[in-house]
Amino acid sequence: MASTNLDSIFDASLDAIIDSKLPKLLLGCDMNAIERVVHFLRHKLYVAIDPRSISGTLSLRLAPSGASPRGTQFADLNALTGEAIETMALELHDNGRLYDVTGLFGSVEAESANAVVYMYANKTDTIWFSGTRSVIPALNDTADSQFSGNTFFFLAEAIREYAHTHALNSTCFILQGAWHDDGRLFLRARPEAPLRNSLKQFLANRLAGGFSVELEQNVDGSHPVDIRVIKELKPRLMLVEVKWIGDSVNEAGTASTVSYRDQRAIDGANQLATYIDAQRSQVGHVEIVGYYVIFDARRKGLKFGQTTYPEADLRHYRDKEILFGDLASLKRFDVETPFRIYMEPKIGVVGSKAGKV
Amino acid sequence: MLEAKIDCILLSAALCKENEQFMLSELHLFAYLACLVGLFQGWSVSQWGYAFWGTEDGAPFSDALQQEFDVLVECGAVLVTESLYRCESEQIRIADQLAVMSSMADRSGLIDASLSGLRFYGSGFVRNAMNSDPVLSNVRKAHSGRNLMIEEGMALLHSHFEKLRRVVPPGSSPKVPSILWLATLGEVNKRKEVHGEH
């Protein structure tokens with residue numbers, strides 16, 4: 001990409017932020033109040049609650065200093081973990097106590113007249129102050145709320161979180177581009193790019209600031225690694241190899257031409273081991289660790305053109321581990337236990353999209 | 001060096017307060033961001049007191065900061081486990097006292113402003129956003145370590161800051177340009193993804 005193009009991206013980005021409500025919010029509102037709200041969201045509320053469990057609106061009002069409490073005091077936020085939340089209003093007081101004010105909460109314009117009010121609905125964060133609404137720009141696609149999503153200090157933990165929150169139901173927008181059909185039966189032709197880009201974006205945004213996450217550009221037989229994660233000014237290099245198993249269609253989308261199963265996963269493990277050895281001879285005194293990530297899109301009994309399947313067949317591989325056998329490439333001290341990232345089919349859609357499947 | 005020593009004490013305590021522990025590169029990253037906020041506020045490079053280098057992979061690094069940090073680790077004020085650092089409670093108390101000293105107000109304000117981006121968006125997001133920082137981007141493209149403060153990107157940085165100053169009046173909290181700058185870099189990253197640029 002030419003630098004002029006990058007310059008224009010930069011200019012457009014700066015204009016977009018300047019024209020957003022963010023400057024007005026930050027300048028007009030007490031920054032300490034905003035930070036108190038965001039700290040509570042990031043370290044307490046969204047630790048206990050997954051934003052995806054909120055189907056309606058969640059409101060959090062920072063009570064003015066000295067305000068009398070109202071509603072019912074929350075003893076333990078963790079009681080909400082795993083619960084489906086439709087609409088809920090909370091009030092946070094100076095002493096750190098939290099009150100459930102659902103039912104007592106007036107119009108957000110009135111509630112925010114003399115206080116900061118945070119609202120979350122439909123994957124959008126808004127902050128109200130003095131009756132004015134400011135939408136927080138959605139810059140981090142790896143979290144439903146810009147204020148959710150903890151920071152990871154270990155790569156393995158981050159990959160496991162990604163598998164559960166982003167890949168299992170293909171909620172990541174980039175990852176959705178890997179599928180051929182809405183029912184998530186067949187992958188598109190050569191789906192490697194969206195798979196690795198999705199994982200890369202998550203790792204880049206969610207690993208702590210001491211990690212640097214880069215896409216490997218030279219992906220071929222001799223350079224199989226997809227993502228490089230460098231920890232702490234390069235004393236540790238983590239090589240992430242991404243492979244997929246399942247069925248994919250041809251470029252025209254008219255037939256299923258590739259069906260990868262366990263052998264494909266085994267081949268990838270051997271490639272990773274070979275590459276780690278090659279890297280070790282090149283980079284010298286740097287600790288190298290291999291991470292092997294396999295996106296698992298296997299379905300039982302797929303036939304291109306068939307529109308209905310027993311649900312049990314579509315989910316047949318959900319709990320079926322890949323059979324690596326006694327593979328030496330995975331028994332090395334410098335290769336982590338592989339990460340199988342299973343991706344669910346979209347059951348309700350399979351039959352209704354008969355033309356595509 | 002006094003400035004580096006002060007920043008080390010303030011930043012290590014502040015990072016611990018945010019996430020209980022921190023990584024060494026985060027210390028350098030947020031010190032660099034504090035320096036940028038200082039430049040936005042009209043500080044000169046010499047006022048900041050110490051220089052930053054860009055490593056080959058585009059991360060900011062300061063020798064002076066590292067030397068002072070090593071002292072904190074050697075004397076046991078900062079403890080390390082598997083390359084994750086955390087401060088002793090006494091060290092956090094010292095940092096709190098230092099931060100409220102009137103002679104430190106401007107400097108501790110800039111350090112605090114650099115952390116406001118972490119509080120708002122999280123540490124990983126900040127690191128990822130800073131990949132699009134014009135100065136650090138130039139270093140990464142060159143694949144060689146460079147002094148960040150004399151980089152050609154610095155001129156570009158100042159022109160962007162000039163634009164940002166139009167909406168951030170003088171006397172505003174330094175947290176405002178800190179968050180707006182990171183939001184801009186995050187927006188750049190998002191648009192680069194759309195254009196297929198990584």
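What follows draws every value from the coordinates through simple rules; no lab data is involved. Worth saying up front: this structure is predicted, and the values here are computed from it rather than measured. Cβ sites come from the backbone with ideal geometry, for glycine too, and all protein chains shown count toward neighbours.
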In the protein assembly as shown, taking the dipole from +1 charges on Lys and Arg beta carbons and -1 charges on Asp and Glu beta carbons about the Cα centre, the listed residue (A:LEU27, B:VAL188, B:GLN41) farthest towards the positive end is B:VAL188
What helix-only [θ] at 222 nm does chain A give? Using -39500 (n - 2.57) per DSSP H run of at least 4, over all residues, to the nearest 500, the answer is -7500 deg cm²/dmol
Measuring from its Cα centre, the protein assembly as shown shows a charge dipole (+1 at each Lys and Arg Cβ, -1 at each Asp and Glu Cβ) which, in debye to the nearest 20, is 1220 debye
Quick numbers on the protein assembly as shown, Rg and Dmax over C-alpha atoms in Å, give 24.7, 75
Partner lysines whose C-alpha sits under 28 Å from that of A:LYS300, ignoring same-chain residues fewer than 8 away, are A:LYS243, A:LYS320, A:LYS346, A:LYS353, A:LYS356
Those GluC sites (Glu not before Pro) from the stretch A:25-96 that are DSSP loop and have at most 14 other Cβ neighbours within 10 Å turn out to be A:GLU83
Given all pairs of distinct Cα atoms, the stretch A:40-150 yields a Kirkwood Rh in Å of 14.2 Å
Across 10 Å bins beginning at 0, the whole-percent shares of Cα-Cα pair distances in chain B come to 9, 37, 38, 14, 2
Partner shielding of A:15-27, as the mean number of partner chain Cβ atoms within 10 Å, equals 6
Relative to chain A, whose Cα atoms define the longest principal axis, helix A:262-283 and its Cα axis are tilted in degrees, nearest 10, by 80 degrees
Per-residue average of other protein chain Cβ atoms inside 10 Å, peptide A:300-309 -> 0
Ranked output for segments B:9-17, A:38-46, B:22-30 by mean other Cβ atoms within 10 Å, highest leading, reads B:22-30, B:9-17, A:38-46
Toy charge model, Lys and Arg Cβ at +1, Asp and Glu Cβ at -1: chain B dipole around Cα centroid in debye, rounded to 20, equals 780 debye
Highest mean packing first, using Cβ neighbours within 10 angstrom, the peptides A:113-125, A:183-195, A:247-259 sort as A:183-195, A:113-125, A:247-259
Under the helix-only model (-39500 (n - 2.57) for each DSSP H run of 4 or more, divided by the residues of chain B), the mean residue ellipticity at 222 nm, to 500 deg cm²/dmol, is -20500 deg cm²/dmol
In the stretch A:233-300, the trypsin sites (Lys or Arg not before Pro) that sit in a DSSP loop and have at most 13 other Cβ atoms within 10 Å of their own Cβ are A:LYS300
The base-10 log of I(q)/I(0) that the Debye equation returns for the stretch A:105-168 at q = 0.13, 0.14, 0.18, 0.27 Å⁻¹, one scatterer per C-alpha, is -0.49, -0.54, -0.72, -1.11
Convex hull around the C-alpha positions of the stretch A:114-268: the volume in Å³ per residue is 150 Å³
Straight-line reach check, A:LYS331, cutoff 18 Å on alpha carbons, 8 or more apart in-chain or any other chain, hits among aspartates and glutamates -> A:GLU241, A:ASP262, A:ASP267, A:ASP277, A:GLU287, A:GLU321
per DSSP, antiparallel bridges as share of beta bridges in the protein assembly as shown, % nearest 5, sits at 65 percent
Most packed first (mean Cβ within 10 Å per residue), the peptides B:178-190, A:282-294 order as B:178-190, A:282-294
The FRET efficiency for A:LEU104 and A:LYS24, from their Cβ-Cβ distance with R0 = 30 Å and rounded to 0.05, is 0.55
For peptide A:5-11, the mean count of other chain Cβ atoms within 10 Å per residue Cβ is 6
